[in-house]
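So the structure is just underneath, and the comments pick up after that.
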Amino acid sequence: MLRISDDEYRRRLESLQASVAEAGLDLFIVSALDSIYYLTGAGFEPLERPFFLLIRPRQAPILLVPKLEQEHMREACNISEQDIQTYWDYPAPSGRGWPDRLHELIGDAKEIGVEPTLRQEIASELEGHTHRVEALVERLRLIKSDTEIALIRRAARYADFGVRCLMGASYSGASVAEGLAQTRLVTTRIIREVDDWDPLTTKVTMATWAAPP
């Protein structure tokens, strides 16, 4: 089975902790879906509910998630159960929403790093703290492991198959919807061939766009 091992996820987290220390940060807040997936292996749909991974140089990472996602994240990620913290979804009781819990977990951290893609609503909650933008996760992702390279090659093969399907279904006057319908062919092949496929992280969208008049 082709998958990222628990050891590789552990090395990624350790590398990020080292980067946080080198940057002179007390705390680095990870909030992008892709970054949390890269570091923990957990797939999820955040919608309007933020997820946070709090990284300190010499402490275990803490994952802050909506209460309804607690059990899913325990099973889906490599973070220890005792290090998964929760908040109540909106409308949360006083003191139990994500801003309250995030401030609690930040504690007395002085130098805080955040990702370049930080959402504005989260940035607004951090106005009382000194924080700066650091692309720490993006730098880690520049170097691919052997397993990552193999996964990229597999994804490329499915992309090639998708293009062949689209080309075969294309004709003068074809609609965008007809191209979109070809998505099921690629998705079906992935489901049949990939034992551990995850519907939350396996995204396929195909379409042929009409040429301008």
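Scanning segment 127-141 for residues that are more than 13 Å from VAL30 (Cα to Cα), free of Cβ contacts under 8 Å to residues at least 60 places away in the same chain and within 17 Å of the chain's Cα centre (by Cα) yields nothing.
Among the residues that make up segment 94-104, is at least one of them modelled with pLDDT under 90, more than 26 Å from ARG132 (Cβ to Cβ), more than 18 Å from the chain's Cα centre (by Cα) and not charged (D, E, K, R)?
If we filter segment 94-104 for residues that are modelled with pLDDT under 90, which is where we start, we get 94-97.
Now drop any that are not more than 26 Å from ARG132 (Cβ to Cβ), which leaves 94-96.
From what is left, the residues that are more than 18 Å from the chain's Cα centre (by Cα) are 94-96.
Those left that are additionally not charged (D, E, K, R): 94-95.
Yes.
Looking across segment 17-38, the residues that are under 15 Å from the mean Cα position of the chain (by Cα) and either outside any helix (DSSP H, G or I) or not small (Gly, Ala, Ser) (or both) come down to ILE29, VAL30, SER31, ALA32, LEU33, ASP34, ILE36, TYR37, TYR38. Residue selection: HIS72 satisfies the criterion of being of a type outside the set (S, T, N, Q), surrounded by fewer than 17 Cβ atoms within 10 Å (Cβ to Cβ) and modelled with pLDDT under 90. For segment 181-213, taking the residues that are of a type outside the set (S, T, N, Q), modelled with pLDDT of 90 or more and closer than 17 Å to ALA155 by Cβ, the one that is surrounded by the fewest Cβ atoms within 10 Å (Cβ to Cβ) is identified as ARG192. Output yes when any residue across segment 27-34 is modelled with pLDDT under 90, closer than 24 Å to ALA109 by Cβ and out of contact with any Asp or Glu (no Cβ under 8 Å at 6 or more places or on another chain), and no when none is. For segment 27-34, residues modelled with pLDDT under 90, closer than 24 Å to ALA109 by Cβ and out of contact with any Asp or Glu (no Cβ under 8 Å at 6 or more places or on another chain): absent. Quick one: count up the residues across segment 3-35 that are without any contact (Cβ under 8 Å) to a residue 40 or more places away in the chain and crowded, with 16+ Cβ neighbours inside 10 Å. Final tally of qualifying residues: 1. Of the residues that sit in segment 127-160 and are surrounded by 15 or more Cβ atoms within 10 Å (Cβ to Cβ) and either in contact with a strand residue (DSSP E or B) (Cβ under 7 Å, 6 or more places away or on another chain) or among the hydroxyl-bearing types (Ser, Thr, Tyr) (or both), which one is farthest from ARG49 (Cα to Cα)? That would be TYR158.
LEU53 - would you say it is in contact with a Ser or Thr (Cβ under 8 Å, 6 or more places away or on another chain), among the hydrophobic types (A, V, I, L, M, F, W, C) and either crowded, with 19+ Cβ neighbours inside 10 Å or modelled with pLDDT of 95 or more (or both)? For LEU53, the condition - in contact with a Ser or Thr (Cβ under 8 Å, 6 or more places away or on another chain), among the hydrophobic types (A, V, I, L, M, F, W, C) and either crowded, with 19+ Cβ neighbours inside 10 Å or modelled with pLDDT of 95 or more (or both) - is met. Checking THR188 against (1) farther than 30 Å from PHE28 by Cα; (2) under 24 Å from the mean Cα position of the chain (by Cα); (3) outside any helix (DSSP H, G or I): exactly one of these is not met. Which one? Going through the list (1) farther than 30 Å from PHE28 by Cα; (2) under 24 Å from the mean Cα position of the chain (by Cα); (3) outside any helix (DSSP H, G or I), THR188 breaks only (3). The residues in segment 64-85 that are touching a residue at least 12 places away in the same chain (Cβ under 8 Å) and either assigned to a loop (DSSP other than H, G, I, E, B) or among the basic types (Lys, Arg) (or both) can be counted, and the count is 5. Taking segment 100-126 as the range and being among the acidic types (Asp, Glu) and either touching a residue at least 24 places away in the same chain (Cβ under 8 Å) or exposed (fewer than 13 other Cβ atoms within 10 Å of the Cβ) (or both) as the test, the residues that pass are GLU104, ASP108, GLU111, GLU115, GLU121, GLU125.
Return the residues of segment 164-180 that are surrounded by 10 or more Cβ atoms within 10 Å (Cβ to Cβ) and of a type outside the set (Lys, Arg); say none if nothing qualifies.
If the condition is that a residue be surrounded by 10 or more Cβ atoms within 10 Å (Cβ to Cβ) and of a type outside the set (Lys, Arg), then CYS165, LEU166, MET167, GLY168, ALA169, SER170, ALA174, SER175, VAL176, GLU178, GLY179, LEU180 are the ones that fit.
The values are calculated or read from the model by the stated rules, or taken from the named source; none is laboratory data. Remember, it's a predicted structure, so these values are computed and weren't measured experimentally. Positions of Cβ are backbone-derived with ideal geometry, glycine not excepted, and every protein chain shown enters the neighbour counts.
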